[in-house]
Amino acid sequence: MSKELIVKDNKLIEAKYSLSTLQQKVLLQAIAKIEPTDTKHIYKFSIMDFAESVDLKGSKTIYKQMATICDQLTDLKKFYIEKEDGGIAYINWVASAEYIPKEAVVEVEFSQKLMPYLLELKEQFTTYYLANIMSLKSTYSIRIFELLKQYEKLGKRKIELENLRQLVGTTEIDQNGEIIKEDYPLYGHFKSRVILTAQKELKQKTDILFNFKEIKQGRKVIAIEFEILENTKNKKKIQNTIDYEQMSITIIQLQQEFKGKTNIDIKYETLDKLVKEKGYETVKKYIDNWDKFKHQTMKNVLGFFIVAVTQEFEIPTKQNASYNNFSQREYSEEELKKFYKNYM
């Protein structure tokens, strides 16, 4: 999981297609890599990161599964989007998909026709954190989440039942309106396998939840009216996780900056502890100004750095300043070693 956003044109949200859970997640993982001003349409992501986010970490078959998914993605059925001018765009999801063993990554090349619905969107689009859907087990839950997220600000959405069946992919029709696929034709089964499953999963795992009301004509259910609510507990949990993982990226950047300044490696755990105790800005300040301490840096650079940060040494204004100009005491080599050891 990471601070990755999914941004989709609403026409793409409302497109009618049928994908497996894993196919959807692979496509969404690649979509999350898109930057708003990209001119490319090829994106890579780590298989290990993906496996962890979908709770398949440690799976012995994950690489085989990814190779299979790549093959499936290139063979997906076209779907269509109704355009504002009355035309219909028939679109492939991907131009190519490749599993690259040496890099342990998947590379997805989106079709050129798809990209306008993912790039430079200025109005009528839906945004959500990828973290919301990666732990969902049902492909229908993912689709219902997107359809409701689109209307989250309004707080309700009414969808005709037959349209809902097509939107989540349980029913497919051809160009002549003939049904070519129909899962759960009995409403009771559809309600149980699709609506109630999604209601349970969204409440447990995403930042929204919903109640619903059946709209009937006589005894027949003809539409579903959803009430969309903020899932406060999960929203906070997801945001905290995103913030933590974003900070993890920041700490890795601090590691690299420290190595660049000192030519010495510092453990992630050490920096993480310093950031938690003293704050990111404080730690970065001492790394940025490390050159000003060069005149008196000892052999135990790590020990001195930790002491300087935790006790917030005054930063010299001149690089040739004497250590004796500072109010803080001088530490011996042995004291620095002991301090570093105790700190860790």
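The values are calculated or read from the model by the stated rules, or taken from the named source; none is laboratory data. Just so you know, these numbers come straight off a predicted model, no measurement behind them. Neighbour counts run over all protein chains shown; Cβ positions are idealised from the backbone, glycine included.
When GLN124, GLN65 are checked against the criterion of being on the phi > 0 side of the Ramachandran plot and in contact with a helix residue (DSSP H, G or I) (Cβ under 9 Å, 6 or more places away or on another chain), a single residue qualifies: GLN124. Only residues that are assigned to a loop (DSSP other than H, G, I, E, B) and closer than 19 Å to ALA30 by Cα were counted in region 57-77, giving 5. For region 183-227, a residue qualifies if it is in a helix (DSSP H, G or I), more than 30 Å from ILE242 (Cβ to Cβ) and either basic (Lys, Arg) or within 28 Å of the chain's Cα centre (by Cα) (or both), and the qualifying residues are LYS191, ARG193. From the list LYS64, LYS44, LYS57, LYS40, the one residue that fits, being closer than 16 Å to ALA131 by Cβ and of a type in the set (Lys, Arg), is LYS57. Listed by position, the strands (runs of 3 or more DSSP E) enclosed by region 78-137 that each have at least 1 residues that are surrounded by fewer than 15 Cβ atoms within 10 Å (Cβ to Cβ) and over 21 Å from the mean Cα position of the chain (by Cα) are 79-82, 88-91, 94-100. Take GLY177 and decide whether it is without any contact (Cβ under 8 Å) to a residue 40 or more places away in the chain, of a type in the set (Gly, Ala, Ser) and in a helix (DSSP H, G or I). When the stated conditions are applied, GLY177 does not pass them. Of everything listed in (1) modelled with pLDDT under 95; (2) more than 29 Å from LYS77 (Cβ to Cβ); (3) among the acidic types (Asp, Glu), the single unmet condition for GLU225 is (1).
Applying the condition of being without any contact (Cβ under 8 Å) to a residue 40 or more places away in the chain and polar (S, T, N, Q) to region 299-313 and asking which residue is surrounded by the fewest Cβ atoms within 10 Å (Cβ to Cβ) yields GLN311.
Kindly indicate whether any position in region 52-63 is without any contact (Cβ under 8 Å) to a residue 60 or more places away in the chain, in the same structural domain as LEU19 (by TED's automatic domain parsing), out of contact with any strand residue (DSSP E or B) (no Cβ under 6 Å at 6 or more places or on another chain) and within 27 Å of ASP9 (Cα to Cα).
Step one: of region 52-63, the residues without any contact (Cβ under 8 Å) to a residue 60 or more places away in the chain are 52, 56-63.
Imposing the further condition that a residue be in the same structural domain as LEU19 (by TED's automatic domain parsing) reduces the set to 52, 56-63.
Those still in the list that are out of contact with any strand residue (DSSP E or B) (no Cβ under 6 Å at 6 or more places or on another chain) too: 52, 56-63.
Filter again for within 27 Å of ASP9 (Cα to Cα), leaving none.
No, there is no match, as no residue in region 52-63 is without any contact (Cβ under 8 Å) to a residue 60 or more places away in the chain, in the same structural domain as LEU19 (by TED's automatic domain parsing), out of contact with any strand residue (DSSP E or B) (no Cβ under 6 Å at 6 or more places or on another chain) and within 27 Å of ASP9 (Cα to Cα).
In the set ASN263, ASN231, ASN240, only one residue is under 24 Å from ARG157 (Cα atoms) and either charged (D, E, K, R) or free of Cβ contacts under 8 Å to residues at least 40 places away in the same chain (or both); that residue is ASN231.
If I ask for residues that are among the basic types (Lys, Arg) and within 23 Å of ASN211 (Cα to Cα), which ones from region 96-144 would you list? Hits for region 96-144 are LYS137, ARG143.
One line per residue, one yes/no per condition, for (1) surrounded by 15 or more Cβ atoms within 10 Å (Cβ to Cβ); (2) among the basic types (Lys, Arg):
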{"site": "ILE208", "(1), (2)": "yes, no"}
{"site": "LYS213", "(1), (2)": "no, yes"}
{"site": "ILE222", "(1), (2)": "no, no"}
{"site": "ASN231", "(1), (2)": "yes, no"}
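Scan region 260-279 for residues that are among the β-branched types (Val, Ile, Thr), within 15 Å of ASN300 (Cα to Cα) and buried (at least 16 other Cβ atoms within 10 Å of the Cβ) and the total you get is 3. GLU257 passes every criterion in (1) acidic (Asp, Glu); (2) under 23 Å from the mean Cα position of the chain (by Cα); (3) modelled with pLDDT of 85 or more apart from (2). The listed residues are LEU12, LEU28, and the only one of them that is under 20 Å from the mean Cα position of the chain (by Cα), over 26 Å from THR241 (Cβ atoms), part of a helix (DSSP H, G or I) and outside the structural domain of ILE173 (by TED's automatic domain parsing) turns out to be LEU12.
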